[in-house]
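The values are calculated or read from the model by the stated rules, or taken from the named source; none is laboratory data. Computed from a predicted model, the values in this text were never measured in an experiment. Backbone-built Cβ (ideal geometry, glycine too); neighbour counts: all protein chains shown.
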Amino acid sequence: MTASMMGIQRYQAHAWKGRDMARWKNWAGNQVANPISIQAPHSIEDLSRLVAEAASRGEKVKAVGSGHSFTSAAATDGRMLRLDKLTGISHVDRGNNRVTVRAGTRLSDLNSLLHAEGLAMANLGDIAYQTVAGAISTSTHGTGKALTGLAGQVTAMTLVAGDGRIVECSSTVNADVFDVGRVSVGALGVIAEYTLQVVPAFRLHAMEQPMRLDDVLENIHELAAEHDHFEFFWIPHTKWALTKRNNRTNDDLAPLPIVKGWVEKTFMENYAFGALCRLGRMRPSLIPRLATALPSSGSREYIDQSYKIFASPRIVRFYEMEHALPVEHVAPALRDIRSMIERKGYLLNFPVEVRFTKGDDVALSTAYGRDSAYIAVHVYKGMEYQPFFRDVEDILRGYNARPHWGKLHYREAQELSTLYPRWNDFIALRDKLDPQRTFANAYTDSVFGK
Ligand SMILES: Cc1cc2nc3c(=O)[nH]c(=O)nc-3n(C[C@H](O)[C@H](O)[C@H](O)COP(=O)(O)OP(=O)(O)OC[C@H]3O[C@@H](n4cnc5c(N)ncnc54)[C@H](O)[C@@H]3O)c2cc1C
């Protein structure tokens with residue numbers, strides 16, 4: 001028996017010893033599941049066999065990535081599949097700067113593998129713990145007005161459909177699947193491999209600087225247009241926002257020194273911040289005063305490889321909601337959220353994050369067909385978030401905003417269908433690839449219908 005086959009046995013043994021042994025929970029700890037088994041296929045053929053076997057028994061199947069979604073997108077009480085053994089780059093097309101990567105690869109590993117090839121992802125989100133498939137399947141994005149989210153960088157993919165069939169697709173092969181299925185929240189099949197458009201490795205010059213929120217909002221479109229990657233974090237109960245501007249550079253590397261970098265990125269942004277959050281959770285009335293001490297008030301500049309600048313460690317756990325709205329609405333929407341927080345007296349110890357992406361042609365991408373701004377709100381783990389998130393969502397609903405598929409929201413299929421012009425094409429593709437709904441779970445029932 002090979003080591004990878006033994007791997008499958010090990011996961012199954014956990015499941016067979018009792019339901020608790022197969023208990024799964026996500027990173028934020030707000031979603032738990034008791035799958036009947038957790039299996040790790042060692043090849044695409046093995047994956048195909050497992051899906052076909054489950055479908056023939058009428059069991060549900062759900063692929064899970066690194067569990068970094070806040071929604072129950074990856075939860076299942078059927079078979080859970082981890083793609084831990086389907087990792088790494090299988091092909092590099094140097095002429096076209098394209099790489100084929102197995103779907104279970106963590107973005108952090110992909111970044112290192114690409115760098116060793118002199119390549120990089122053109123854009124990334126602010127962590128790299130996710131798997132490639134998990135990130136793409138929920139329309140994960142970074143910031144950059146001229147750049148799309150990760151799904152916009154896919155040029156081909158291979159998935160296993162509901163009957164175990166292996167389906168390859170690109171703009172020329174099974175083009176309907178490619179066209180509509182790049183963001184699928186796990187509802188069309190288990191994705192085994194992607195081909196991604198990447199770029200030659202590059203460096204970024206990072207500039208972090210506090211600005212008055214009103215000044216940021218006054219100049220928001222210029223700031224987003226002037227920098228390759230612009231974002232900001234507004235600190236509720238203060239007038240301040242921490243702005244981050246990352247621009248491509250050919251200058252020499254000038255990274256944060258290791259100790260200073262650890263102190264500022266890991267200690268101040270995680271442990272010290274976490275301590276403030278815990279204090280705020282114990283004594284909420286202190287939050288407005290603690291906000292003025294948030295570890296984000298200084299300015300700093302450094303130059304590093306792009307992937308080291310895009311992603312940071314995230315140790316403090318929280319709950320998050322994020323919506324994409326047409327970019328022209330971002331300033332009024334944020335002003336409305338600020339007024340609502342003041343009016344309702346919410347005490348918030350986490351910043352509100354604002355980012356930008358270019359519109360794309362991926363049917364269920366949150367930026368489909370429109371240049372977008374993203375507004376994300378967070379609440380420290382263990383604190384009540386529902387009333388605040390609902391109030392934020394009510395405001396953003398008025399701006400035609402679309403919720404991130406992996407972050408908390410309260411929208412269901414009927415409403416979501418009005419936000420995506422190609423919704424019916426997606427549902428028709430789902431009927432074609434998974435008519436038996438082998439890949440359904442409570443989340444897909446809610447957001448796509450049964
Ligand atoms: C601290 C933190 C920071 C974050 N930062 C960002 C950010 O900067 N930008 C952003 O846009 N989002 C961000 N997110 C959200 C995150 O990128 C998404 O929720 C992403 O889906 C998580 O990837 P994952 O590998 O953990 O997938 P999971 O959460 O495990 O799964 C997500 C979905 O993908 C499906 N899936 C996973 N693997 C497969 C597969 N092989 N085939 C088919 N379906 C599959 C699952 O079934 C599920 O529906 C952040 C989340 C956290 C917790």
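May I ask you to verify whether residue 319 is in the same structural domain as residue 276 (by TED's automatic domain parsing), over 23 Å from residue 223 (Cβ atoms), in contact (Cβ under 8 Å) with a residue 24 or more places away in the chain and buried (at least 19 other Cβ atoms within 10 Å of the Cβ)? Walk me through it before giving the result.
Numbers: in the same structural domain as residue 276 (by TED's automatic domain parsing): yes; over 23 Å from residue 223 (Cβ atoms): yes; in contact (Cβ under 8 Å) with a residue 24 or more places away in the chain: yes; buried (at least 19 other Cβ atoms within 10 Å of the Cβ): yes.
So residue 319 passes the test.
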Subset of segment 60-79, residues more than 6 Å from the ligand (Cβ to nearest atom) and part of a loop (DSSP other than H, G, I, E, B), comes to 60, 70, 71, 72, 75, 76, 77, 78
Yes/no for residue 113 being surrounded by fewer than 24 Cβ atoms within 10 Å (Cβ to Cβ), within 23 Å of residue 233 (Cα to Cα) and in the same structural domain as residue 188 (by TED's automatic domain parsing): no
All conditions in (1) in contact with a strand residue (DSSP E or B) (Cβ under 7 Å, 6 or more places away or on another chain); (2) within 30 Å of residue 275 (Cβ to Cβ) are true of residue 360 except (2)
Among the listed residues 348, 334, which satisfies the condition of being part of a loop (DSSP other than H, G, I, E, B) and on the phi < 0 side of the Ramachandran plot? 348
Exception for residue 411 within (1) over 19 Å from residue 333 (Cβ atoms); (2) assigned to a loop (DSSP other than H, G, I, E, B); (3) of a type in the set (Lys, Arg) falls at (1)
Within segment 184-195, which residues are more than 17 Å from the chain's Cα centre (by Cα) and either surrounded by fewer than 21 Cβ atoms within 10 Å (Cβ to Cβ) or more than 8 Å from the ligand (Cβ to nearest atom) (or both)? 193, 195
Got at least one residue in segment 348-356 being more than 29 Å from residue 289 (Cβ to Cβ), within 16 Å of the ligand (Cβ to nearest atom) and in contact (Cβ under 8 Å) with a residue 12 or more places away in the chain? yes
